[in-house]
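**Q** Let me give you the structure first, and then I'll get to my questions.
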Amino acid sequence: MSDERETTQLKEISLESLIALLRRLANEDKINPVLATEALSGETRVYMLSLDSVDMTVLYLAVDEEYGVVLSDDAISDIDTLSELVEKLRIRRIA
């Protein structure tokens, strides 16, 4: 069985693409809908996103699909800001 990611182009991991992903999920009512219009930046603290456990699971699945990076609560427990999350994603993609 071949991995679908082999034939699918993974998106570049950037702050802009992560914010776009968060906004898309919010617009689709898959995560906290306030994020669709909330001002987000690299300095936005992850806890300020007000994501519950279901929202986090949706985000983890979307990150895996978009970037090919598997995340979990343990993997991001030391993450404070969206910029730090982008760096973690980049490191985990390489690993």
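The values are calculated or read from the model by the stated rules, or taken from the named source; none is laboratory data. Note that the structure is predicted; figures quoted are calculated from it, not measured. These area figures cover heavy atoms from the full protein model, side chains too; ligands, DNA and RNA do not enter into them. Shrake-Rupley method; radii C 1.70, N 1.55, O 1.52, S 1.80 Å.
**Q** Calculated from DSSP H runs of 4 or more alone, at -39500 (n - 2.57) each and per residue, what is the 222 nm mean residue ellipticity of the chain, nearest 500? Don't skip to the end; give the middle numbers.
**A** Values: 3 runs with 41 residues, N = 95.
Only helices count here, giving -14000 deg cm²/dmol.
**Q** If you don't mind, there's one more thing I want to ask. Please calculate how many Å² of accessible area region 21-91 carries per residue, with a 1.4 Å probe and no DNA, RNA or ligand atoms counted.
**A** Numbers: 3880 Å² over 71 residues.
Result: 55 Å² per residue.
**Q** Check THR81: other-chain or 5+ apart residues with amide H under 5 Å from its amide H, H built from backbone geometry?
**A** Amide H to amide H, under 5 Å and 5 or more residues apart or across chains, THR81 pairs with VAL46.
**Q** Here's another thing I want to ask about it. List, in order, the whole-Hz ³J(HN,Hα) value for each residue of region 65-73 obtained from phi through the Karplus relation with A = 6.51, B = -1.76, C = 1.60 and θ = phi - 60°; use x for Gly and Pro.
**A** Couplings: 5, 6, 10, x, 10, 8, 10, 8, 4 Hz.
**Q** Which values, in whole Å and largest first, are the semi-axes of the equivalent ellipsoid of region 1-84 obtained as the square root of 5 times each eigenvalue of the Cα gyration tensor? Don't jump to the answer; show the numbers that get you there.
**A** Working: eigenvalues 92, 40, 35 Å².
Each semi-axis is √(5λ); the values are 21, 14, 13 Å.
**Q** What does the convex hull of the alpha-carbon atoms of region 53-95 project to on average, in nm²?
**A** 2.9 nm²
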